Amino acid sequence: MSKPNIAPPPLSNDCFALPAGVSWTPVDDALALLQDRLTGVTGSETTPVSDSEGRILAEDIQALRSNPPQPNSAVDGYGFSGAAPEGPQVMPLQDGRAAAGMPFEGRVASGHALRVLTGAALPEGVDTVVLEEDVTVKDGHIAFHGPLRKGANARRAGEDVNEGDTVLDAGRRLTPADLALLSAIGIAEVPVRRKLRVAVLSTGDELIEAGDIAGPGQIFDANRPMLLSMIGKMGFEAVDLGRVPDVRAILKDRLDLAAGQSDVILTSGGASAGDEDHVSALLKQAGAMQEWRIALKPGRPLALGMWKETPVFGLPGNPVAALVCTLIFARPALGLLAGEGWSTPQGFDLPAAFEKHKKPGRREYLRGRVRGGRVEVFASEGSGRISGLSWAEGLVEIEDGARHIQPGDMVRFIPYGSFGL
Ligand code: AMP
Ligand code: MG
């Protein structure tokens, strides 16, 4: 039988170039849109400070008490009043001592010194402390070399925080150090936002659960465990919505379920415009779908929409693209929905340990890590290379324009930790 006279589609000169006639939104424009349009959706509750790490403050916090609350000694030594002039000093030692939590009751006479320990409230008549290592004690006197300025080795009341000062702003995600600060100023409970519930759903006929017996063409769902744990690490409440095949009715029911249980839905897979891309199709049907053609590698496309008043982030199915889109777009968006301010991940400019030619027109994120002060990138840029995600410790961000990076050139490295991972 003779073959029909059909030709394959013409190969484009550069099959990875951006499609002609389609406008691609730059990453920064897409981020600005999200920042502009999203606001907090969670209410607030009160929680003990001891349980508040990672929670988002719902109100500004004012100090109930100054830190330190009273002047105190920064060292173990001997306290007295005023500056000591240049040269050898001898002072009579007054009876008693001041220790942390055991204040000296009474006044230290002018020209006398008192034994004081670190953290002790300075008694009346003491504003300066000489270090015990610098002192000789004999016959009820101390001797040391001046000069010593007035106030040396002493902490002023309120030198850190004054009562009534606003110490932390609404929207702050509390760190372990914040818990120390809150406790130091007398705060036992804080108003925080209810945790944002983020549902995670995988879509695709090919997906099965790790541990299942794989049939032909089947692959294990890798995105869901990754996304669920990312959500948890970012301080949100992850809601596991499981997997659905590429069947529109099933997906629709699952989105309904997700909308009832969560504040925002992350799906992966099915977000393009193909036959089996039911996430984008359903969102389009619901009339609340924006296909975001973002000038980004890896990552296109991203389907953003609303399902029953719940925002949906339709992430690409490729695990690398799903991770990058989650870090770059979903994470700051979730932060806003959760009542946190907009967050820009902190990157660091470091010399490259690699060479790369990059074309203009889109931003690129490579999987990278730092060794010996230089940024290495994973050998393959393929967006299905899950081992590269695991190898990496962060993303290398290469700006939208063209670049020829040579070893030693500075590149921007953003550690996973800067995204809250
Ligand atoms: P899609 O975005 O649905 O066209 O999927 C793009 C690619 O990502 C395909 O090769 C899928 O098999 C793959 N993929 C989709 N979802 C997952 C997942 N949950 N885990 C691993 N790979 C996936
Ligand atoms: Mg799919």
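The values are calculated or read from the model by the stated rules, or taken from the named source; none is laboratory data. The model shown is predicted, which means the values in this text are computed figures rather than measured ones. FYI the Cβ positions are ideal-geometry reconstructions off the backbone, even for glycines, and counts take in every protein chain you see.
Computed values, structure above
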| read-out | value |
| --- | --- |
| Test: residue in the range 355-370 that is in contact with a strand residue (DSSP E or B) (Cβ under 8 Å, 6 or more places away or on another chain), under 30 Å from ALA199 (Cβ atoms), in contact (Cβ under 8 Å) with a residue 40 or more places away in the chain and surrounded by fewer than 19 Cβ atoms within 10 Å (Cβ to Cβ) | no |
| Selection count where residues are among the hydroxyl-bearing types (Ser, Thr, Tyr) and near ligand 1 (Cβ under 10 Å from one of its atoms), scope the range 261-271 | 2 |
| Subset of the range 409-419 that is of a type outside the set (A, V, I, L, M) and closer than 20 Å to THR344 by Cα - its residue that is surrounded by the fewest Cβ atoms within 10 Å (Cβ to Cβ) | GLY417 |
| Residue within the range 43-52 that is of a type in the set (Gly, Ala, Ser) and modelled with pLDDT of 95 or more present | yes |
| Test: residue in the range 290-297 that is farther than 20 Å from TRP24 by Cα and either hydrophobic (A, V, I, L, M, F, W, C) or more than 25 Å from the chain's Cα centre (by Cα) (or both) | no |
| Subset of the range 105-128 that is within 9 Å of ASP76 (Cβ to Cβ) and β-branched (Val, Ile, Thr) - its residue that is surrounded by the most Cβ atoms within 10 Å (Cβ to Cβ) | VAL116 |
| Those residues of the range 107-140 which are within 16 Å of GLY87 (Cβ to Cβ) and either part of a loop (DSSP other than H, G, I, E, B) or over 48 Å from the mean Cα position of the chain (by Cα) (or both), in sequence order | GLY111, VAL135, THR136 |
| Some residue of the range 324-343 being more than 16 Å from ligand 2 (Cβ to nearest atom), free of Cβ contacts under 8 Å to residues at least 12 places away in the same chain and over 24 Å from PRO26 (Cα atoms) | no |
| Residue that is surrounded by the fewest Cβ atoms within 10 Å (Cβ to Cβ), among those in the range 378-408 that are part of a strand (DSSP E or B) and of a type in the set (A, V, I, L, M, F, W, C) | ILE405 |
| Scan of the range 352-391 for residues that are within 16 Å of ligand 1 (Cβ to nearest atom) and not basic (Lys, Arg), ordered by number | SER380, GLU381, GLY382, SER383, GLY384, ILE386, SER387, GLY388, LEU389, SER390 |
| Qualifying positions in the range 393-421 - within 18 Å of MET234 (Cα to Cα) and in contact with a Phe, Trp or Tyr (Cβ under 9 Å, 6 or more places away or on another chain) | GLU393, GLY394, LEU395, ILE414, PRO415, SER418 |
| Only one of SER262, SER268 that is farther than 24 Å from THR46 by Cα and hydroxyl-bearing (Ser, Thr, Tyr) | SER268 |
| Residues of the range 178-193 that turn out to be without any contact (Cβ under 8 Å) to a residue 40 or more places away in the chain and basic (Lys, Arg), as a count | 0 |
| Qualifying positions in the range 163-177 - of a type outside the set (Val, Ile, Thr) and touching a residue at least 40 places away in the same chain (Cβ under 8 Å) | GLU163, GLY164, ASP165, LEU168, ASP169, ALA170, GLY171, ARG172, ARG173, LEU174, PRO176 |
| Strands (runs of 3 or more DSSP E) within the range 144-261 that include 1 or more residues among the small types (Gly, Ala, Ser) and crowded, with 17+ Cβ neighbours inside 10 Å | 197-203, 237-244 |
| Helices (runs of 4 or more DSSP H) within the range 272-346 that include 3 or more residues away from ligand 1 (no atom under 15 Å from the Cβ), in contact with an Asp or Glu (Cβ under 8 Å, 6 or more places away or on another chain) and at pLDDT 95 or above | none |
| Filtered residues of the range 347-362 (kept if among the basic types (Lys, Arg) and part of a loop (DSSP other than H, G, I, E, B)) | LYS359, ARG362 |
